Structures are given as C-alpha cells and as structure tokens.
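Read through the structure below, which is laid out as structure tokens, and then see the notes.
The values are calculated or read from the model by the stated rules, or taken from the named source; none is laboratory data. In this text the structure is predicted, and so the values were computed from the model without any measurement. All Cβ positions, glycine included, derive from the backbone under ideal geometry; neighbour counts span all protein chains shown. Calculation scope for accessible area: heavy atoms of the full protein, side chains included, ligands and nucleic acids excluded. Shrake-Rupley method; radii C 1.70, N 1.55, O 1.52, S 1.80 Å.
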Amino acid sequence: MAFDFATPVERRHPEGGYPSQKWHRYAEDVLPLWVADMDFRAPPAVVEALKARIDHGVYGYGEIPASLTKALCRWSATHYDWVIEADWQHWLPGVVPALHFAALALTDPGDAILSVAPIYPPFLAVAERTGRQAQTAMLAEPAALGEPWRLDIAALEAAITPQTRLLLWCHPHNPTGRVWSEEELAALAELVERHDLWVVSDELHCDLLLDEDAQHRPLAALFPALARRTITLWAPSKTFNLAGLTSACAVIPDPQVRQRFATACKGLLPDVNVLGLVAAEAAYRESEPWRQALLAVLRAHRATLESAAARWPGVEMSPPQATYLAWLDVRRAGLGEAPYQALKERAGVALSDGATFGRPGFLRLNFGTTAAQLEAALTRMDRVLAEPAQ
C-alpha cells in the first residue's frame, strides 16, 4: 500500500488548520522545525478506527480494552523480543506526567533525581516540580566529526551522591538520536545496581530506528535483573504522530512498584482519552506498513540534512541513529550567543534552543516534515550558514 508523506497538510490557516503549538507559536513567515510533532497524517488504520469510534456517539468514561493490552504485548514480543504481561501495563495520558509520577512514587522529598544532558527539557524540570534535588551529568561529545555522542559513565558516577535515588534515562536518546550500544547499557546497568537506583527508561522513539541494522532492546529486557527497579515508558505518539491524543503506557513488571506508581497517580490524572486508546490500538495492531514507509522517508530526509550540514562551516552534526530529530552544534557558526534567535530572525526558521536541553550553543531540528518543507527550510538556512563564520 502506498502512503502519502509528500502532500502538505494545512496546519496553520483557519480554513484548513487547527490551533497548533508547532505552527502557531511563531509568525506566519517562520518555518517551524522545532517541537517533536511530525507534519504527516496519522496512519489510515488509525484514522478509520477514530471515525468508527466517533460515529458511536457516546464518549463516556472508558476502560482500558483487553484488545489494546494484548496488542502491546504482541508488539513488544515481535519488535523487541520482550515478553510482557497485560497487567504490567499502566496506561495514562502522556509520558511527561509519567516522569513526574514516577518521581513521586519512588523518591521522597529531598532525594535527588539524576538526568544525563543534553536531554529532552521536561527531564530537567522533574526534580524541582516534585520537591527533589536535580542532578545532571553530561554526555561525552563526539570524538570526531560524524561520530556519535557517547555515555560518559565516569561523569555519571561522579554526579551520584548518597541522596541519589532515581535515574531518568532516554533510550533511544532525545535530542542526539543515539541508539545506545550494548556495552554502554551494560555499564549503565552495573552502575544502577551498585548504587541501588530506580530507573525510568523513556523509550518513546524506539520504533524510529533509522540505521538499517539497529534493533531496540528495552533496558529492562536486556538486563532482566533491572526489571524490578525499572519503569519503561512507551507511547504511539511519536512513531504514529498521535501526540494530541495523549495516550502512553508505563510498563512495570514489579507488582509493588506498579502499585506505588498507581497510587501516586490517583486523583491527580484523568483517565486516558477514549479516542487515544482507540488510536493506540489501531497503531499497534494495523499500522506497521505505514511505519515502514515512514522510516524510508525519514532516512531520505536524514541524508538530505547531512548534505546540508556538510556545506555549513562551523556546524557539526552527528547523524541521528534514531528519531526524526537532529542535534546541531553551532557554537562555531558565527550565530552569536543566541543561535536559536539568530536563525529565527535571519533565516525565518524556528528550531529548538539547545539551552533548554542543558547545552547552550546547540540546536535541535525536526526533519519529520514533507520533503518540500524541509528543502525550503534548508535553503533559508543556507543563506545564513553557508558562508564562512566571521
């Protein structure tokens, strides 16, 4: 079946669009390549399932359908070689809330929560929002042009104190696009066990592996001893472009941890959106052909972006191994102290500011858009970046 990833979908103007964080934050002459929201229609199977549910006409309080939990069990076994059980699943409206409720469930006020930067900005806010201490260790930068970012296990260990109780982990990594090696993950697992830490493993981008030979293994599956201390977060939101339907799943093998997490959520979260549940099931049950077609598009877009970055003096990019997000080092590109602002004003392209990820001087670019929009944005950026930095 052919899927259309080329035709633009109107997202800005009243006659065809709807209010959108991505498209309405900036002026109309600015092309948005920032927040992790693709510009593609959801898979046809999802759209049809939503239409059928809407036609039912009653949208009362829902239940988590057994067919959904079964679909996720099947997806996990098929794609990750991890056999999970239906009762391990705690569905909730979003991964970001899950980070906070995990902190409330597994730590006490005054405990410390450790993150590894650069990192998706909500990670850096969890400790403060929950009355905990924030700790951050830095990843090791690429050793040479084109090489990947690496886990600096020594820096991670140095950041740990007796107060450290929880590690917030991202696998694959947002924003660098790293698919962590088994050696890196083994070192991480040993450290976690030795320091008796809880782990929340955000694996939101695990179905968007761009390297052809890459395979995702959940942290709790790769190291079964970690399963009793790990909460794994999955969602169809990034893979199938369903973020606005707010459905995510915390996979928690240990029954006591699962109960602590559920108790922390009580009264503070609404039930999962009934349409989000329908969309999630249709995504996991019927949308694998769409996902494969999407991956081909994203691989082509990554190649286009690599070619563009190669002609920008002072810009370095380690090609992302996963996700539709690229992490650009623009510290030597002559954009000044606010590169995000400079590109927005001079090129009319909005990227995500690396400072919010804990690394000023970097930018995150979302290439999950049509080829035409990506080319238009890169042409604008050429006018600013293709000349040698002064």
Any idea what % of Cα-Cα pairs in the chain are farther than 40 Å? 13
For residue 22, give me every one of the lysines with a C-alpha distance below 27 angstrom, ignoring sequence neighbours fewer than eight places off in its own chain. 51, 238, 344
Tell me the Kirkwood hydrodynamic radius of the range 30-156 in angstroms, computed as one over the mean inverse distance between distinct C-alpha pairs. 19.1
Counting pairwise Cα distances across the range 287-390, what percent come out greater than 16 angstrom? 56
Calculated from DSSP helices alone, with each H run of at least 4 adding -39500 (n - 2.57) and the total divided by the residues of the chain, [θ]222 nm to the nearest 500 comes to -11500 deg cm²/dmol
Equivalent ellipsoid, the range 219-351 (semi-axes from 5 times Cα gyration tensor eigenvalues, Å): 37, 20, 18
Along the Cα→Cβ direction, 7 angstrom out, place labels at residue 341 and residue 41. What is the inter-label distance in nm? 4.1
At 1.306 mPa s and 10 °C, Stokes diffusion of the range 1-81 via Kirkwood alpha-carbon radius, µm² per second: 97
Rounded to 0.05, the calculated FRET efficiency for the beta carbons of residue 13 and residue 85 at R₀ = 41 Å is 0.30
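Could you compute the FRET efficiency for residue 2 and residue 67, with r as their C-beta to C-beta distance and R0 at 25 Å, rounded to 0.05?
So the FRET efficiency works out to roughly 0.35.
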Rounded to the nearest whole number, the Stokes-Einstein translational diffusion coefficient of the range 274-333 at 4 °C and 1.567 mPa s (Kirkwood radius, C-alpha pairs) in µm²/s is 94
Which FRET efficiency, nearest 0.05, do residue 268 and residue 163 yield, Cβ-Cβ r, R0 25 Å? 0.55
Once the principal axes of the Cα atoms of the range 223-295 are found, what is the range along each, listed largest first in whole angstroms? 39, 33, 16
What order do you get for 308-319, 344-355 when each peptide is scored by the mean count of other beta carbon atoms within 10 Å, highest first? 344-355, 308-319
Under a point-charge model restricted to the Cβ atoms of Lys and Arg (+1) and Asp and Glu (-1), what is the dipole moment magnitude of the chain relative to its Cα centre, in debye to the nearest 20? 600
If the elastic network links every pair of Cα atoms under 10 Å, which of 207, 271, 37 fluctuates the most in the Gaussian network model of the chain? 271
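Which value results for Rg/Rh of the range 99-185 when Rg is the Cα radius of gyration and Rh the Kirkwood radius based on the inverse mean 1/r?
Rg/Rh: 0.99.
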Among 18-31, 357-370, what's the highest-first ranking by average C-beta atoms within 10 angstrom per residue? 357-370, 18-31
Could you provide, to the nearest whole Å², the per residue accessible area of the chain with probe 1.4 Å? 42
Dipole of the chain [Lys/Arg +1, Asp/Glu -1 at C-beta], most positive-end residue of 126, 318, 156: 126
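So for the chain: antiparallel DSSP bridges make up what percent, rounded to the nearest 5?
Taking every DSSP beta bridge within the chain, about 45 percent pair in antiparallel fashion.
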Considering the dipole of the range 186-295 built from charges on the beta carbon (Lys and Arg +1, Asp and Glu -1) around the Cα centre, which of 287, 261, 223 is farthest to its positive end? 261
